[in-house]
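All remarks here apply to the structure that follows.
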Amino acid sequence: MSSDLRNLNSFMTGSPPFGQALEGDKAPASAHKMMDNEVFVNFLLYSTILVIKMYLVAVITGQVRLRKKAFANPEDALKHGGLQFCRTDPDVERCRRAHGNDLENILPFLFLGSIYSFLNPDPFIAWLHFFIFFVGRIIHTVAYLVKLKAPIRSVAYTVAQVPCVSMALQILWEVVKL
Amino acid sequence: MSSDLRNLNSFMTGSPPFGQALEGDKAPASAHKMMDNEVFVNFLLYSTILVIKMYLVAVITGQVRLRKKAFANPEDALKHGGLQFCRTDPDVERCRRAHGNDLENILPFLFLGSIYSFLNPDPFIAWLHFFIFFVGRIIHTVAYLVKLKAPIRSVAYTVAQVPCVSMALQILWEVVKL
Amino acid sequence: MSSDLRNLNSFMTGSPPFGQALEGDKAPASAHKMMDNEVFVNFLLYSTILVIKMYLVAVITGQVRLRKKAFANPEDALKHGGLQFCRTDPDVERCRRAHGNDLENILPFLFLGSIYSFLNPDPFIAWLHFFIFFVGRIIHTVAYLVKLKAPIRSVAYTVAQVPCVSMALQILWEVVKL
């Protein structure tokens, strides 16, 4: 087994809690492992903010629906003035495309980033992966919602994909090394 | 490091399996850690049922497509009577919106709930988070598919979002405490 | 607690890293646990390739948009010849349906497969689950994009769902056994 995957292995097969209690007083946590910790905690910071950002896009979509009076369901339209408001609207569709693109990109990042964090990456390199993705996705959402000139949105999307593909290839590399 | 994150830390840096074998006979698992176990097992119960629920919405969509003869692809329409059945249908679109909303909400819950389960939450509070989300999403799907009067569906959606935002904020809080 | 869930329990409550360092030289990793490792590593192989496959569908969608000059956003159309190219196209919509179906099926697989890998499954049976899903989803995408005759795509979709439902039911079974 490769040395990097040994870390993933230990993650997968951890010993029971009393092990922690018994040994906790014998030796300090190794700095090396604590850095892994930092990587995952770092990943949690950016990924959780991005999940909240996705929720915000949903809230904005709802607000635009109310403001433009454009509802997807007859029952919603009826409650807000009549069936004629069961209709599509370019601004609502724009919000929904932003949200849809988030699903296509942020959700796989949650998976890849979690696994990658346990492959013993260099903490700075790992931070760079997470940070580039984070900034790329924030710019992507802003560019979508405020209709920034092309190709800002596409560039942000492409830049954010680079760390994702990098993490996917590193996971595959660790797997095939076995 | 905060005491709550120490648990996440141990989750992230578990020791190899022989540790378990060697120490397993020395001491019983601590009740405290077993409660964490219960939280994650509890989370698995609700999250897995919700994944199956999503699969059911997909099955229902397929059945409605067949019953209303409304297919998304020409090749499917050709197999079921002719190209004129490659068309949209309000009931099919309704199923697809229900499914799409599940993707936007249940998939992030799978991530947030997994992490939150390892932040050493109070088991009852954790159960409350999972249960409110679960009931909210079941009502959301039923309200969508059987066209319940507004705002039942929107209220169910909003209520289900509360534990998600709560878990996200608690994860962020643990991260920034470091 | 069931013996199968004991493994999940140890996964959830791993001891700190120095445990690994201290004991790593005393005893070899148990073959039994290494098999679990193999299951998860096996899962990572197929799941990561499928995530990359999803990214490829997104790239293909972009290429088809450029080739057919059919853009979702006015700002993109303006950059590529004019607002008349902000329009839908059957081939673009086909790519988007393939991608959407991936989101509905591959993303839940990432969750179910991760959990299932820690339920101590038989390695061959687990491989069979992952491999059937993998082949089913590859055929699904190819059938969608090159417009294979019905019902190839639907059969591939259904076959790929079988291991997912199987994994979900096995997770539920382990949970309710407690």
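The values are calculated or read from the model by the stated rules, or taken from the named source; none is laboratory data. Just so you know, these numbers come straight off a predicted model, no measurement behind them. Because the Cβ atoms are built from the backbone with ideal geometry, glycine has one as well, and the counts that use them run over all protein chains shown. Note: areas computed on protein heavy atoms with side chains; ligands, DNA, RNA excluded. Shrake-Rupley method; radii C 1.70, N 1.55, O 1.52, S 1.80 Å.
Condition first: open to solvent by 30 Å² or more (accessible area, probe 1.4 Å), within 19 Å of B:V57 (Cα to Cα) and either more than 9 Å from chain B (Cβ to nearest Cβ) or not β-branched (V, I, T) (or both). Can you find one or more residues in segment C:164-171 that meet it?
Yes, the conditions are met somewhere in segment C:164-171.
Is it the case that C:L50 is touching a strand residue (DSSP E or B) at 6+ places or on another chain (Cβ under 9 Å) and of a type in the set (A, V, I, L, M)?
Taking the combined requirement at face value, the residue does not satisfy it.
C:H140 passes all but one of (1) at pLDDT 95 or above; (2) surrounded by fewer than 16 Cβ atoms within 10 Å (Cβ to Cβ); which number fails?
That leaves (2) as the condition not met.
Which ones in segment B:116-146 are in a loop (DSSP other than H, G, I, E, B) and touching a residue at least 24 places away in the same chain (Cβ under 8 Å)? Before you say what the answer is, go through the steps one by one.
Pass one, segment B:116-146, residues in a loop (DSSP other than H, G, I, E, B): B:118-122, B:146.
Once the filter is applied, which keeps residues that are in a loop (DSSP other than H, G, I, E, B) and touching a residue at least 24 places away in the same chain (Cβ under 8 Å), segment B:116-146 yields B:F118, B:L119, B:N120, B:P121.
Check off (1) farther than 22 Å from B:N105 by Cβ; (2) open to solvent by less than 50 Å² (accessible area, probe 1.4 Å) for A:V51 and give me the number that stays unchecked.
Failing condition for A:V51: (1).
Filter segment C:92-121 down to the residues that are modelled with pLDDT of 95 or more and open to solvent by 40 Å² or more (accessible area, probe 1.4 Å) and list them by number.
Listed by number, the residues that qualify are C:E93, C:R96, C:R97, C:E104.
Condition test on A:Q161, is it under 24 Å from C:Q63 (Cβ atoms) and within 11 Å of another protein chain (Cβ to nearest Cβ)?
yes
Looking only at segment A:62-73, count how many residues are among the aliphatic types (A, V, I, L, M) and at the interface with chain B (Cβ under 8 Å from one of its Cβ atoms).
So the answer is 1.
So for segment C:74-88 (the condition being part of a helix (DSSP H, G or I), open to solvent by 60 Å² or more (accessible area, probe 1.4 Å), more than 11 Å from chain A (Cβ to nearest Cβ) and not β-branched (V, I, T)), does at least one residue qualify?
yes
Sort out which residues of segment C:49-61 are within 12 Å of another protein chain (Cβ to nearest Cβ) and among the β-branched types (V, I, T), and write them in order of number.
Scanning segment C:49-61 gives C:I49, C:V51, C:I52, C:V57, C:V59, C:T61.
Assess whether A:G113 counts as being of a type outside the set (D, E), within 11 Å of chain B (Cβ to nearest Cβ), without any contact (Cβ under 8 Å) to a residue 12 or more places away in the chain and closer than 27 Å to C:N105 by Cα.
no
Out of all the residues in segment A:122-131, is one or more open to solvent by 60 Å² or more (accessible area, probe 1.4 Å), within 28 Å of C:R87 (Cβ to Cβ) and more than 13 Å from chain C (Cβ to nearest Cβ)?
no
In segment C:34-48, what residues are more than 7 Å from chain A (Cβ to nearest Cβ) and at pLDDT 95 or above?
C:N42, C:F43, C:Y46, C:S47
Which of (1) in contact with a helix residue (DSSP H, G or I) (Cβ under 7 Å, 6 or more places away or on another chain); (2) within 30 Å of B:K69 (Cβ to Cβ); (3) open to solvent by 60 Å² or more (accessible area, probe 1.4 Å) is the odd one out, the single condition B:L178 does not satisfy?
Of everything listed in (1) in contact with a helix residue (DSSP H, G or I) (Cβ under 7 Å, 6 or more places away or on another chain); (2) within 30 Å of B:K69 (Cβ to Cβ); (3) open to solvent by 60 Å² or more (accessible area, probe 1.4 Å), B:L178 misses just condition (2).
Write out, first by first residue and then by second, each pair whose Cβ atoms fall under 7 Å of each other, whose residues are 6+ apart or on separate chains, and whose first residue, in segment A:64-88, is of a type in the set (F, W, Y) while the second is surrounded by 16 or more Cβ atoms within 10 Å (Cβ to Cβ) and part of a strand (DSSP E or B).
Close Cβ pairs (under 7 Å, with a partner that is surrounded by 16 or more Cβ atoms within 10 Å (Cβ to Cβ) and part of a strand (DSSP E or B)) amount to A:F71/A:C86; A:F85/A:F71.
When segment B:144-158 is examined, which residues are found to be open to solvent by less than 20 Å² (accessible area, probe 1.4 Å) and either at the interface with chain A (Cβ under 7 Å from one of its Cβ atoms) or over 15 Å from the mean Cα position of the chain (by Cα) (or both)?
B:Y144
B:K149 passes all but one of (1) without any contact (Cβ under 8 Å) to a residue 40 or more places away in the chain; (2) outside any loop (DSSP other than H, G, I, E, B); which number fails?
Of everything listed in (1) without any contact (Cβ under 8 Å) to a residue 40 or more places away in the chain; (2) outside any loop (DSSP other than H, G, I, E, B), B:K149 misses just condition (2).
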